[in-house]
Amino acid sequence: MVAKQAISKASAYETMNMSIRILLVDDHAIVRAGYRALLAKQPGLEVVAEAADGNQAYQQFKDCQPDVVITDLSLPGISGLEVIARIKQRDAKAKILVFSMHQNPSFAMQATRAGALGYVTKSSPPEVLLRAIHEVHAGRHSLSADIAQALAMAQLGTERVALDSLTGREFEILRLLVEAKSTEDIAQTLNISPKTVANSHYLIKRKLGVGSDIELTRLAIRLQVVNLLELAGSAGDVGEIAL
């Protein structure tokens, strides 16, 4: 028993002290040198390989099997997005962090779709990059504050366009739904059949890209379709929705 506990403690100690092995990908040698020096000063981080272009990055990933890939998007040859896709195709569990000058949220969305877990802009403080490395290594998503804000604004814009696509009748049904009105109440209020209400409920969620009534409520609050205080007063519980 004591021997097993000792082995368990030793294994835990080794795990805690294992370095995160990093593949650093950037086409500028001076950038790689600067960040390699930064990472070398951090306990638990080790740059095991570097690459200056996309093809080299993919080959280095195959050869070294790093724990985390830190890559730029603008690379000679195949792009950083293509590198991400190829690496993820080879190893679905690969952990990739984008480190780029691009602050446009579209780049972050494309990188995420390709399989990256994190996106940090090069204008971010060093500690943001360091924190992101640990987050991505742990399998969590990580965004620098500027990108997170830009994505939120872009998402809000997309949601606003989706909201505008609703017909007048659908908009009114949405408002009543998030006020926790029942199908029968809505049908009576709008002088339509309960079946029409149910069908509209489905179409509204599809148009707005939400999968549940709770998501529908949150979206309605974000877009100020309904006031949070009014909603709390009418439903008693913001998370409670009929249907």
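Read the figures in this text as sums done on the coordinates, not as results from a lab. What you see is a predicted model; the values in this text were computed from it and never measured. FYI the Cβ positions are ideal-geometry reconstructions off the backbone, even for glycines, and counts take in every protein chain you see.
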Of the candidate values (i) 36, 17, 16; (ii) 47, 23, 16; (iii) 39, 27, 17, the one computed for semi-axes √(5λ) of the Cα gyration tensor in Å from this structure is (ii)
Label-to-label distance, nm, for residues given as VAL31 and GLU127 (7 Å Cα→Cβ offset):
2.4 nm
Quick one: helix 194-208 against the long Cα principal axis of the chain, what's the angle to the nearest 10°, folded into 0 to 90?
30 degrees
Within region 2-144: Cβ-based charge dipole about Cα centre, in debye rounded to nearest 20 (Lys, Arg +1; Asp, Glu -1)
440 debye
Acute angle (nearest 10 degrees) that the helix 29-40 long axis makes with the longest principal axis of the chain, alpha-carbon atoms:
90 degrees
Filtered hits (lysines, Cα-Cα < 17 Å from LYS195, offset >= 8 within chain) -> LYS181, LYS205
Net lengthening on full extension, ALA152/ASN191 (0.36 nm per residue, minus Cα-Cα):
10.3 nm
If the reach is capped at under 27 angstrom between alpha carbons, list the lysines near LYS122, excluding any in the same chain fewer than eight residues apart.
LYS41, LYS62, LYS88, LYS93, LYS95
Just to be sure I understand the model, the point goes 7 Å from the Cα along the line to the Cβ. What's the resulting VAL161 to LEU223 distance in nm?
1.3 nm
Between PHE171 and GLN89, what is the FRET efficiency for a Förster distance of 35 Å, r being their Cβ-Cβ separation, to the nearest 0.05?
0.25
Roughly what angle does helix 126-137 make with the longest principal axis of the chain, taking Cα atoms, 0 to 90 degrees, to the nearest 10?
80 degrees
How large is the charge dipole for the chain, taken about the Cα centre, if only the Cβ atoms of Lys, Arg (+1) and Asp, Glu (-1) carry charge, to the nearest 20 debye?
540 debye
Return the distance in nm (one decimal) between the two label points of a simple spin-label model at ALA145 and MET18, each offset 7 Å from Cα along Cα→Cβ.
3.3 nm
Sorted by mean Cβ packing within 10 Å, highest first, what order do the peptides 81-88, 128-135 take?
81-88, 128-135
